[in-house]
Amino acid sequence: MPELPEVETVKRALDKRLPGHEFVKIDTYVPALRFPLGSLGDHALLHRKIMAVRRRARYLIVEMEGCRALLLHLGMTGTLRIVPAVAPRLKHEHVVLLLENGDTLRFEDPRRFGFILPCVLSAPGVDPKELAALGPEPLSDDFSAEYLYQAFKGRKTRVKTALMDNSIVVGVGNIYANESLFLSGINPLTPAGKVPLSQCELLVDNVKATLRRAIDAGGTTISDFKGVDGSEGKFVLQLNVYGKSGEPCPKCGTEIARVAIGGRSSFYCSRCQKEQ
Ligand SMILES: [Zn+2]
């Protein structure tokens, strides 16, 4: 599943290529992805200059002049690429957006959990109302130790589940939650409300550092990730615990344990990450 670093990588690539151009035709080849695609027939989306491509959580926002925008989510298997209109359409390229310069932006999504929806912004540069309930971005200053400590306060939910709750902080997927908790010495089963401020400081630093490393690597968490130009993610993110049950902890050699928390695989070292 494309996580925040992959989506950020796609965003940066699209933001270099799309602004200044405009869509002149939108073709859809299936009736629906996660949501019906019929609304893409709205002619108001065409012939408007693209102003910017932004990311919020794992959503992409392609903003056009006049406060129109496309809201995109890659779902489980979605990818975007920019190729000339003459390039043959791949089997799962369900949406093809033609630009005035003869290039096309193509949305490929074999499992169809992604979506692409038109939306109207209340002002230039703001997020669409569909994203109003999201917590702060993990790489922003709003995501601080004090903030996280207050957000966790009184919660009996496991810290790992709370860290992956988009209303607390967005974009911390399973891999990043596991790795950040390991680096912070926090047991993933700990109730969120029991994590002291000092550990919230470590956790915030490690979430940011782990995400930054993955973004610098060009999106590294999934095997089939491709950049907008078709290049593959460079698999350089060193994982310490994720997917490593039974292997020795890189810090102390204890066998990495695996447990399901909230239905998601969780990996930790019972010695470095003591239960509280
Ligand atoms: Zn250990």
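Tabulated data
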quantity: GLU137 within 23 Å of VAL170 (Cα to Cα), acidic (Asp, Glu) and not in a loop (DSSP other than H, G, I, E, B); calculated: no
quantity: Strands (runs of 3 or more DSSP E) within segment 1-72 that include 3 or more residues over 24 Å from ALA217 (Cα atoms); calculated: 23-28
quantity: Qualifying residue in segment 21-33 (condition: under 22 Å from the mean Cα position of the chain (by Cα) and buried (at least 16 other Cβ atoms within 10 Å of the Cβ)); calculated: yes
quantity: Single unsatisfied condition, ILE222 versus (1) among the β-branched types (Val, Ile, Thr); (2) more than 16 Å from the ligand (Cβ to nearest atom); (3) at pLDDT 90 or above; calculated: (3)
quantity: Filtered residue count, segment 235-267, keeping only those that are touching a residue at least 60 places away in the same chain (Cβ under 8 Å) and over 26 Å from the mean Cα position of the chain (by Cα); calculated: 0
quantity: Qualifying residues in segment 62-102 (those that are of a type in the set (D, E, K, R) and more than 30 Å from SER122 (Cβ to Cβ)) - the one nearest to the chain's Cα centre (by Cα); calculated: ARG81
quantity: Test: residue in segment 148-171 that is buried (at least 17 other Cβ atoms within 10 Å of the Cβ), modelled with pLDDT under 95 and not assigned by TED's automatic domain parsing to the domain that holds LEU46; calculated: yes
quantity: Residue list for segment 244-276, filter: in a loop (DSSP other than H, G, I, E, B), more than 15 Å from the ligand (Cβ to nearest atom) and surrounded by fewer than 13 Cβ atoms within 10 Å (Cβ to Cβ); calculated: GLY263
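The values are calculated or read from the model by the stated rules, or taken from the named source; none is laboratory data. Everything quoted here is computed from the prediction, not taken from an experiment. Because the Cβ atoms are built from the backbone with ideal geometry, glycine has one as well, and the counts that use them run over all protein chains shown.
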